């Protein structure tokens, strides 16, 4: 099926997201008009910055009213019908045209712009497209990111079969924001450096990495329910991925289950912890 015939994501027509998009668009348009000054209020009248802000706010409220009415109609239509990408694109084009007409009439007959209507319409169309398309695009990207994070959270909370460990491991940054998720069977080890950790994992047969700003101490706390243990001041390892426990003159080493030979050191502080986890894993 051609992409234009596909249904748009549900998050674009959720009531709360529609409200957020309209408010963001209004704020963006207000900033755009005051900084870029696409209309001619400041040139036609001798006004102060405060008066300009007041006039531009009235202009924005009038234009946003078009968006509010449009989004109410879109929301009601979507309750009974599927909205395709083509319909959504045409709907936005309709909003741009309607707002262009409203802004052009205000500029010509309220602000009394001396230019002819054709010139005003052409310039206003460009400005109105920017006023709508930029915040719409930013909102779409934000909502898509939010939806993806929500699905990852839901996936991580899904119960696994009895006796089996949780499969999805989530990595949050120091502010608690979800940054990365990986299946436990693909996680190899974690390395810390300063205020960051690097997650090493298997991806399409190769070794990949992902950097997260957080501490190893937080990782120990968050991964306490998984078979992932601290083996060194700078390393945590997925014990299920350890193939060989090797004792050498400089101490213990954990050889990981990889095509190319690779091992992690075990510091004296964590020797007992590693031996206990390794023996328990072998017995299981």
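Using a Förster distance of 25 Å, how high is the FRET efficiency between residue 65 and residue 145, based on the Cβ-Cβ distance and rounded to 0.05? Mind dumping the intermediate values first?
Values: r = 29 Å, r/R0 = 1.17.
That gives a FRET efficiency of 0.30.
Quick one: check the C-alpha center-to-center distance for region 7-27 versus region 227-284, whole angstrom.
The two parts, judged by their Cα centres, are 50 Å apart.
How do the peptides 108-117, 210-219 rank, highest first, by the average count of neighbouring beta carbon atoms within 10 Å per residue?
210-219, 108-117
Using alpha-carbon positions, what is the distance between the centroids of region 185-223 and region 82-155, in Å?
42 Å
Could you order peptides 128-140, 262-274 by the average number of other Cβ atoms within 10 Å of their residues, highest first? Please report the intermediate quantities before stating the final value.
Details: 128-140: 17.9, 262-274: 15.8.
Packing order, densest peptide first, comes out as 128-140, 262-274.
A short reminder: the numbers here are calculations on the coordinates, not readings from a lab. Quick caveat, the model's predicted, so the values are computed rather than measured. Glycine also receives a Cβ, built like all others from the backbone with ideal geometry; neighbour counts cover every protein chain displayed.
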